[in-house]
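Heads up: the structure comes next, in structure tokens.
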Amino acid sequence: MLAMTMVLVWAALVIAGPTRTGSVMRAILVERPARWLGRFTRGQVIVLGGAVLFGALLFWIMEEEGLRLASMYAPDLMALAASAEFTTAIDAIMVAILTAGSLRLRGIGGWIGARLSRPRVRTARRGRRTRRVPPPANDDDRAVTARAA
């Protein structure tokens with residue numbers, strides 16, 4: 001039944017050709033699904049292929065029980081796959097937002113400080129005075145240094 005429906009839809013697309021009805025059918029039945037399928041990444045296709053191979057192996061080994069087990073596990077598997085990908089996307093978005101926000105806050109603080117501070121009048125700086133070392137308190141230190149020289 002499904003195969004016959006697909007053949008009839010294909011025949012309607014071919015017969016309609018470049019007419020307005022044909023272009024609308026082509027946009028709905030060909031171009032929109034092609035755009036949707038083009039968004040899949042290589043990793044998503046590999047994960048889907050692994051799940052299909054796991055299901056086929058399960059059916060081959062367990063026969064009828066494998067179908068029952070897969071039908072019970074399918075909703076959990078879909079929820080697990082969707083939640084893992086969704087939370088990863090949320091984490092990446094939050095990291096990007098927080099990083100951009102922290103960088104902007106640092107830049108805004110400097111910008112506000114430059115705008116609100118009054119310009120200073122620069123004056124000539126005086127050199128720093130060095131402290132004199134006082135002479136030693138006893139005479140022995142002077143004799144030791146004189147012998148060493």
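No lab work stands behind these numbers, since they all come straight from the coordinates. Every value quoted in this text rests on a predicted model; they were computed, and no experiment measured them. Glycine also receives a Cβ, built like all others from the backbone with ideal geometry; neighbour counts cover every protein chain displayed.
In plain terms, the chain from Val30 to Asp76 could stretch by 13.4 nm, reckoned as 0.36 nm per residue minus the Cα-Cα distance.
Using r as the Cβ-Cβ distance of Glu64 and Leu2, and R0 as 30 Å, what FRET efficiency do you calculate, to the nearest 0.05? Taking R0 as 30 Å, the efficiency between Glu64 and Leu2 is 0.85. Under the simplified labelling scheme, the Val47-Thr88 pair shows an inter-label distance of 0.5 nm, with each label point 7 Å from Cα along Cα→Cβ.
Return the tail of the calculated pair distribution for region 43-83, meaning the percent of Cα-Cα pairs more than 16 Å apart. Counting pairs separated by more than 16 Å, the tail of P(r) holds 38 percent. Using the Karplus relation 6.51 cos²θ - 1.76 cosθ + 1.60 with θ = phi - 60°, the per-residue 3J(HN,Hα) values for region 54-70 come to 4, x, 5, 5, 5, 5, 5, 7, 9, 6, 5, 5, x, 5, 5, 5, 5 Hz, with x marking Gly and Pro. Between Arg129 and Phe54, full extension at 0.36 nm per residue minus the direct alpha carbon distance yields a gain of 18.7 nm.
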